Amino acid sequence: MYRKLISLSILAISQLTLHATQDTSSYTQAINGTNLSFEMKAIPKGKFKMGSESGNPDEKPVHEVEVDGFWIGVHEITWDIFEPFLYKDYEVSQSIDGEVPSNVDAVTRPTKPYLDMTFGMGKEGHPAIAMTHYNAIQFCKWLYERTGVFYRLPTEAEWEYACRAGSIGDYCFGDSAEELEEYAWYLDNSDGKTHPVGTKKPNAWGLYDMHGNVSEWTYDQYDENFYASSPSMNPVNEPKKLYAHSVRGGAYDDEAFDARAASRLASDPSWKQLDPQIPKSNWWFPEAPFVGFRVVKPSVQPSKAEIDAYYNTPPIIDK
């Protein structure tokens, strides 16, 4: 397809609602002051072979990578969770006391989109889509202000490690694309639209929609040659440019090959071709209704200065 071609001293832990008290336990994160919550799965520290010798050139060389343990969202972030960040009025209506705390209210919110960003594919339970990399990080900042817990985007290595869940095949379940329909919404079974999250089989670590439904933002700057020089421990290609960032997992409109665990996609300026604004929006990709994200909580919590650096990097103007 055309688009494919041009294509971190956590605050008060008491605010974290855990179903279990062990740091290595999965948990449900309540969004304080609202009735909203989402599930997080504990992923153990480990090593894996990243990339694919039978895939695209940017998936080579296959190299051993070790990542620290972390927590990752069981599901892609849904419109149900994303909309209170997007619309203050909706956040007020979802708040238990009908108010928005001043620290939360100070978070910069996206400009309201000029079109229906669900693109008619459905909202309740469906993954939130078409946000920019900056938008996804600012949502994480909003979550931090609402929960006191540092959430961020997964690195490419964390994402692939979580997707594989111990598998060494093309997919989390092995190499047979014929089995993909049991785990994923993709070109052959999606009817050209997103579907409610968690309606297919999970991988061995209990994560849903790692293949298909929507592609997912990672934190990394996309570099087709990064694997040749990538460090072996917790690799991350720090983003310093507006384009491109790495997107993983494939989407509802992708063929099975593009939904493999090792498949990589790069964001592209063409994803804003419909944006009539000058400069173009920092918040939306109107031509990328196939992109969403899930969040990660690292096992080693960053300092307040590191948190501020992660969330408060100014957007790069898109001219």
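Figures for the structure shown
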read-out	value
Size of electric dipole in the range 129-268: Cβ of Lys, Arg +1 and of Asp, Glu -1, about Cα centre, debye, nearest 20	740 debye
Computed Rg/Rh of the range 13-148, alpha carbon atoms with Kirkwood Rh	1.04
Accessible area of the chain belonging to carbon and sulfur atoms, whole % at 1.4 Å probe	52 percent
Amide proton proximity set for H63, modelled H, under 5 Å, gap of 5+	M50
Angstrom value of the Kirkwood radius, inverse mean 1/r, which spans all Cα pairs in the range 217-319	15.7 Å
Heavy-atom surface of the chain, accessible at 1.4 Å and reported per residue (Å²)	42 Å²
Largest to smallest principal axis extent of the C-alpha atoms in the chain, angstrom	54, 49, 36
Positive-end extreme of charge dipole, the range 200-319 - chosen from S229, A262, P202 (charges on Cβ)	P202
Assigned charges on the beta-carbon of Lys, Arg, Asp, Glu; the chain dipole about Cα centre (debye)	740 debye
Sites matching GluC sites (Glu not before Pro) across the range 97-201 that sit in DSSP coil, with at most 15 neighbouring C-beta atoms within 10 Å	E99, E124
Interchain or long-range residues, amide H under 5 Å from T34's placed H	I96
Under the Karplus curve 6.51 cos²θ - 1.76 cosθ + 1.60, θ = phi - 60°, whole-Hz ³J(HN,Hα) for the range 263-272, x wherever Gly or Pro sits	5, 10, 10, 10, 5, 8, x, 4, 6, 10
Average silhouette area of the range 154-292, convex hull of alpha-carbon atoms, in square nanometres	8.9 nm²
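The values are calculated or read from the model by the stated rules, or taken from the named source; none is laboratory data. Worth saying up front: this structure is predicted, and the values here are computed from it rather than measured. In this analysis, Cβ positions are derived from the backbone assuming ideal geometry, glycine residues included, and neighbour counts consider all displayed protein chains. Heavy atoms of the whole protein, side chains included, go into the accessibility calculation; ligands, DNA and RNA do not. Shrake-Rupley method; radii C 1.70, N 1.55, O 1.52, S 1.80 Å.
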